[in-house]
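Worksheet: one structure, shown below.
The values are calculated or read from the model by the stated rules, or taken from the named source; none is laboratory data. All of these numbers come straight from a predicted model, not from anything done at the bench. Reconstructed Cβ throughout: ideal geometry from the backbone, glycine too, with neighbour counts over all protein chains shown. All accessible areas refer to the heavy atoms of the entire protein, side chains included, with ligands and DNA or RNA removed. Shrake-Rupley method; radii C 1.70, N 1.55, O 1.52, S 1.80 Å.
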Amino acid sequence: MGTPITYPCAVLGAGEITDYARVAAFLAPGAFVICADGGFAHCEKLGVRPNLLIGDFDSLGEPPPPGVELITLTTEKDYTDSCHAAEVAVEWGYARILLCGMLGGRLDHTLANLQLLISLAGQGIDALLTDGVTDSYALSGGGWLAVPNREGCYFSVLAFGSCEGVSITGGKYPLEGYPLRADDPRAVSNEFAGRDVVVSQDSGALVVVSQPK
């Protein structure tokens, strides 16, 4: 596998990171690091210092280091700390964002983070959500996305709603113009065929997940 594409901004949630070295490899030199509350706990293992901490700090676990900017949120809010952190990243002009520490733990938070990934895609943001082993990309509206080839890995295309004209090229099992629905798992466990995969659609919202077999 070649050198991964890197991201100038990272949002760290309080969920699981399985492979810290691989996540760190996605960080551009000098990447701006935003910690959503307890995501601060990942910084040492990633070898980074946070630039911004944001949240209600109910899961921070330790005092923040001196000199780090804080944005304090109320415990009564409509969106998660991770959603607010990603919103700040967009407001501050980042168009490429790495989301990590956002899988595992509570299922509702994991699903909400996948919704966040879709929301970012709908805003034209190039985002990757990863724990270092499982990578997730999103496509919102018509268009296409390229999923980097990963030897020995599956990839799955999952609809969040009704997706029209879904096509897959570059995989072992191609698909052409298929109406993929949220209750249709047809595009699960496809395989890379030695090259990047391109997923396209006419409309809808979908997530592409790649992970080891």
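Listed by first and then second residue, the pairs with beta-carbon distance under 8 Å, at least 6 apart or on different chains, first residue in region 14-39 and on the phi > 0 side of the Ramachandran plot and open to solvent by less than 30 Å² (accessible area, probe 1.4 Å), second assigned to a helix (DSSP H, G or I) and among the acidic types (Asp, Glu), are Asp37/Asp81.
For Ser189, indicate whether it is more than 20 Å from Arg96 (Cα to Cα) and not charged (D, E, K, R). Break it down stepwise before answering.
Working: more than 20 Å from Arg96 (Cα to Cα): yes; not charged (D, E, K, R): yes.
In short, yes.
Annotation note: of Ala159, Ala182, Ala187, Ala205, the sole residue that is open to solvent by 50 Å² or more (accessible area, probe 1.4 Å) and hydrophobic (A, V, I, L, M, F, W, C) is Ala182. For region 135-146, a tally of residues being of a type outside the set (Ser, Thr, Tyr), in a strand (DSSP E or B) and open to solvent by less than 60 Å² (accessible area, probe 1.4 Å) returns 6. If I filter region 111-126 for residues that are open to solvent by 80 Å² or more (accessible area, probe 1.4 Å), out of contact with any helix residue (DSSP H, G or I) (no Cβ under 7 Å at 6 or more places or on another chain) and either more than 15 Å from Ala36 (Cα to Cα) or not basic (Lys, Arg) (or both), do I get at least one hit? Yes - at least one qualifying residue is present in region 111-126.
Let's see how each residue does on (1) under 17 Å from the mean Cα position of the chain (by Cα); (2) aliphatic (A, V, I, L, M); (3) at pLDDT 95 or above:
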{"site": "Gly105", "(1), (2), (3)": "yes, no, no"}
{"site": "Ala112", "(1), (2), (3)": "yes, yes, no"}
{"site": "Leu128", "(1), (2), (3)": "yes, yes, yes"}
{"site": "Tyr137", "(1), (2), (3)": "yes, no, yes"}
{"site": "Ser140", "(1), (2), (3)": "yes, no, yes"}
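Criterion applied to Gly177, Gly132, Gly165 was being open to solvent by less than 50 Å² (accessible area, probe 1.4 Å), out of contact with any Leu (no Cβ under 7 Å at 6 or more places or on another chain) and assigned to a loop (DSSP other than H, G, I, E, B), and the one residue passing it is Gly132. The single condition among (1) farther than 18 Å from His42 by Cβ; (2) modelled with pLDDT under 90; (3) buried (at least 22 other Cβ atoms within 10 Å of the Cβ) that Ser82 does not meet is (1).
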